[in-house]
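Peer 1: Before we start, here is the structure in question, set down as structure tokens.
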Amino acid sequence: MTSLLRRAKPIKAIRNPAQIPHKLTQTPTPARPRQNPCPSQLQTLNPSRVLQFVSFSTQSSSKFPEYEMPSVTWGVVQGRKEKLVSRVIICDYLKTLGIVPDELENLELPSTVEVMRERVEFLQKLGLTIDDINEYPLMLGCSVRKNIIPVLGYLEKIGIQRSKLGEFVKNYPQVLHASVVVELAPVVKFLRGLDVEKLDIGYVLQKYPELLGFKLEGTMSTSVAYLVSIGVSPRDIGPMVTQYPYLLGMRVGTMIKPLVDYLVSFGLPKKILARMLEKRAYILGYDLEETVKPNVECLLSFGIRRESLASVIAQYPQIIGLPLKAKLSSQQYFFNLKLKIDPDGFARVIEKMPQIVSLHQHVIMKPVDFLIGRVISSEDVAKMIVKCPQLIALRVELMKNSYYFFKTEMGRPIKELVEFPEYFTYSLESRIKPRYQRLKSRGIRCSLNWLLNCSDQRFEERLQGDYIETEGVGPTFCVGGKLELPGSEIVSDEEDESDDEVLYRRTVCL
């Protein structure tokens, strides 16, 4: 009976923390990487072995006060001196590999060199170099079995190819510290909730791996909510994220809203801006102060009128993110030298077709040489380009067919082409030939503008009329978002609300 009481005393001592000497209390250890579930940890321990272990550890602690309470973090019971010795040995081993262990000072390291060697070799097999490990040495604190393998297995499961896992870890090594259940899976579920296709999840995360470290209720949610509030369709958020996932990391107050407000200040309607962002989400990445504002000032300095800025941006949104000054200077010089178009005419060309700033000069010269080769003077060609800049982006083969029909079938003078250069922009087979044949059968003689510059319905109405109506100009963009069509009323707010797509197509129509 006495022996049983003696054996029970150490257990009682541990059950009552107040009786543990101050030197034996554990000191706080640095936070370790969150470990993923490991089946080996779920095995049931033998109760008799637990009692023997507790009894031995307490007795040894009383005999050797320099030792702390045992820690089984890495499977080996170590004292303070043993930990220091093993840390020194491991740091020396890392130094021999070229790894600088300075940042590992507050990190709990494994008890043996063999475990650390296993981690280093595993990372190297993954494709990481010593330099990559030195960029983020804290990855050496991650257990191969408890952290690295579960994380990599999950990344491969969601669509990241095994051959690209090394590059992924190199770009975002912090992912090795994450818990699959607590941190990674909720982010993937959030992306799926935004209508990002399952097959695109891996692509999105490879493009912007930092998404795995964001909180769901933070920047990601607010940026999506703001985009929807300005008119972006919720069903288009998924494709936008797939195209440009960085928008989920942008703060609304400092990045997205200032850019939107600045563009709207030129008269660009929010709904049209929303359609632009749906198709080209990367516009949100343009820096407002360093790129967008200087480019707008550059457009104004080259003669583009302020009231035309909204139309220019709506037609070619990329223009606010290009190295614009160099491109405009080069094109303006080329237009003046080769096409005999002065700076004011060049500004009118940019207003009508801003894509010209990115058009190669040898592409521009092909239709110009074709027109000059058809006995059209350089001055008339310049007038035609200023009136219809789309000419210099046409395929010469199509222009040849249209010109041949104009001369042989229609038998009209070149002067009419100079007055209405838009003739070359219409389809020969679907518009020019059918309409001309109907006019010819009725013996009607009219201008090219009256013949071509109207819809099929309007053309039928003209044929049924007893008179030839006055010719008018095409649609024009009005600052403020409404569209004024000749012979019709201004689009109302109600129509604007109910038919966004029609408004957008008409507004950006060239």
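The values are calculated or read from the model by the stated rules, or taken from the named source; none is laboratory data. Please read all numbers here as calculations on a predicted model, not as lab measurements. Note: ideal-geometry Cβ built from the backbone for every residue, glycine included; neighbour counts use all protein chains shown. Heads up: the accessible areas ignore ligands, DNA and RNA and are worked out on the full protein's heavy atoms, side chains in. Shrake-Rupley method; radii C 1.70, N 1.55, O 1.52, S 1.80 Å.
Peer 1: So what's the convex hull volume per residue for the Cα atoms of the range 243-308, in Å³?
Peer 2: Values: hull volume 5.9 nm³, N = 66.
It is 90 Å³ per residue.
Peer 1: OK, next. Report in % the part of the accessible area of the range 159-217 that belongs to carbon and sulfur, leaving out ligands and nucleic acids; probe 1.4 Å. Walk me through the numbers before you get to the answer.
Peer 2: Working: 1620 of 3150 Å².
Carbon and sulfur together cover 51 percent of it.
Peer 1: Using θ = phi - 60° and the Karplus form 6.51 cos²θ - 1.76 cosθ + 1.60, what ³J(HN,Hα) does each residue of the range 84-90 get, whole Hz, x for Gly and Pro?
Peer 2: Taking θ as phi minus 60°, the curve returns 5, 5, 5, 5, 4, 5, 5 Hz for the range 84-90.
Peer 1: Now a separate question. Using only the Cα atoms, what convex hull volume per residue in Å³ does the range 123-194 have?
Peer 2: Numbers: hull volume 6.2 nm³, N = 72.
Roughly 86 Å³ of hull volume per residue.
Peer 1: Using each residue's phi in the range 104-120, evaluate 6.51 cos²θ - 1.76 cosθ + 1.60 at θ = phi - 60° and report the 3J(HN,Hα) Karplus result to the nearest Hz, with x for Gly and Pro.
Peer 2: Couplings: 8, 4, 9, 9, 6, 9, x, 7, 10, 5, 4, 5, 5, 4, 4, 5, 4 Hz.
Peer 1: Considering only C-alpha atoms, what is the centroid distance from the range 289-316 to the range 124-144, in Å?
Peer 2: So the separation of the two Cα centres works out to 47 Å.
Peer 1: Continuing with the same structure: Give a residue-ordered list of calculated ³J(HN,Hα) values for the range 254-259 (Karplus: 6.51 cos²θ - 1.76 cosθ + 1.60, θ = phi - 60°; whole Hz; x for Gly, Pro).
Peer 2: The phi angles translate into 9, 10, 6, 4, x, 5 Hz.
Peer 1: Kindly report the accessible area of the range 125-194 per residue (heavy atoms of protein chains, probe 1.4 Å, no ligands, DNA or RNA), in Å².
Peer 2: Numbers: 3270 Å² over 70 residues.
Spelled out: the 1.4 Å probe surface of the range 125-194, per residue, equals 47 Å².
Peer 1: So for the range 222-328, averaging the separation of alpha carbon pairs under 8 Å that are six or more residues apart and normalising by length, what relative contact order in percent results?
Peer 2: Here the relative contact order equals 29 percent.
Peer 1: List the pairs from 271/383; 207/366; 415/440; 271/352; 164/327; 215/327 whose alpha-carbon separation is above 30 Å, in the order I gave them.
Peer 2: Pairs exceeding 30 Å: 271/383; 207/366; 164/327; 215/327.
Peer 1: Also: Please calculate how many Å² of accessible area the range 410-470 carries per residue, with a 1.4 Å probe and no DNA, RNA or ligand atoms counted.
Peer 2: Solvent-accessible surface per residue comes out at 58 Å².
Peer 1: Would you compute, for the Cα atoms of the range 280-340, the largest minus smallest coordinate along each principal axis and list the three values in descending order, in whole Å?
Peer 2: Principal-axis extents of the range 280-340 (Cα, largest first): 37, 22, 20 Å.
Peer 1: Once the Cα gyration tensor of the range 337-412 is diagonalised, what are the square roots of 5 times its eigenvalues, in whole Å and ordered largest first, as equivalent ellipsoid semi-axes?
Peer 2: Numbers: eigenvalues 101, 35, 26 Å².
Sorted largest first and rounded, they come to 23, 13, 11 Å.
Peer 1: Using Cα positions and a limit of under 27 Å, work out the lysines in reach of residue 95, with same-chain residues fewer than 8 apart set aside.
Peer 2: Within reach: 81, 83, 125, 146, 170.
Peer 1: At R0 = 60 Å, how high is the FRET efficiency between residue 393 and residue 217 if r is their beta carbon distance? Nearest 0.05 is fine.
Peer 2: About 0.80, to the nearest 0.05.
Peer 1: So, one more: Which translational diffusion coefficient, to the nearest whole µm²/s, is obtained for the range 138-255 from the Stokes-Einstein equation, given a Kirkwood hydrodynamic radius over C-alpha pairs, 10 °C and 1.306 mPa s?
Peer 2: Numbers: Rh = 14.8 Å.
Estimated diffusion coefficient is 107 µm²/s.
Peer 1: Taking only protein heavy atoms into account and a 1.4 Å probe, give the accessible area per residue of the range 228-383 in Å².
Peer 2: Per-residue value: 43 Å².
Peer 1: Could you give the distance between the Cα centres of the range 325-373 and the range 219-277, to the whole Å?
Peer 2: One Cα centre to the other: 33 Å.
Peer 1: Once you place label points 7 Å from the Cα toward the Cβ at residue 446 and residue 207, how far apart are they in nm?
Peer 2: 4.7 nm
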